[in-house]
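The values are calculated or read from the model by the stated rules, or taken from the named source; none is laboratory data. From a predicted model like this one, the values you see are computed outputs, not experimental measurements. Ideal geometry is used to build each Cβ from the backbone, glycine not excepted, and the neighbour counts take in all protein chains shown.
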Amino acid sequence: MPGPEAVAVLPALRVVADPAVLDGALVRALGPRLADLGARVLRLAPDDLLVLTPGQRHPVLDALHEEIAGVDQHAIVTTEAGFAGAWFSADHVRRWVAGNADWLLPDGDGFHQGQVAGLPAKILVDGQEALVAVPTPMARELAERLEWPA
């Protein structure tokens, strides 16, 4: 059974660029290339991507610079330590959201954002698993409020 120590800073990259540049890069094989490198892309806003990486320094950073920075001279591609989270079963996260939010987590895979149990949560559902992430300073609160499964 995971405990509160399972909530950890998520190694990630932040990409802020013109939405058309991000759209074009994702369509032009950046998305599949990042998936091949083990990264997961979360679209936080039209001009803002959070790219979860398998480690602190990874070839994903070079791929992002190569694809984005060359097209948008004002793009920001940098490491990010602003989110902490943990993976759970998707069913557990759906029940947690249903009991602690005024919205429901839709069926199927996808990325969702909203207030849950008083926390600004980002939730990535991927098959039978779901990642719950919050701003890093709220990691302890997430650990206390997420009702760890037995």
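Here are the numbers:
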quantity	calculated
Members of region 103-150 that are closer than 22 Å to residue 53 by Cα and among the aromatic types (Phe, Trp, Tyr)	111
The lone exception for residue 93 - which of (1) buried (at least 21 other Cβ atoms within 10 Å of the Cβ); (2) at pLDDT 95 or above it fails	(2)
Where a residue in region 126-150 is of a type in the set (Lys, Arg) and its partner, wherever it lies, is modelled with pLDDT of 85 or more, with Cβ under 6 Å and at least six apart	145/117
Where residue 106 falls short, out of the listed (1) in a loop (DSSP other than H, G, I, E, B); (2) of a type outside the set (S, T, N, Q); (3) in contact (Cβ under 8 Å) with a residue 24 or more places away in the chain	(3)
Residue within region 90-102 that is of a type in the set (S, T, N, Q) and either free of Cβ contacts under 8 Å to residues at least 60 places away in the same chain or out of contact with any Asp or Glu (no Cβ under 9 Å at 6 or more places or on another chain) (or both) present	yes
Matching residues, region 39-54, being under 13 Å from residue 25 (Cα atoms) and among the β-branched types (Val, Ile, Thr)	41
Residue count for region 58-77, restricted to those that are touching a residue at least 24 places away in the same chain (Cβ under 8 Å) and either of a type in the set (Phe, Trp, Tyr) or surrounded by fewer than 12 Cβ atoms within 10 Å (Cβ to Cβ) (or both)	1
Residue satisfying condition, being crowded, with 17+ Cβ neighbours inside 10 Å and closer than 19 Å to residue 9 by Cβ, within set 133, 117	133
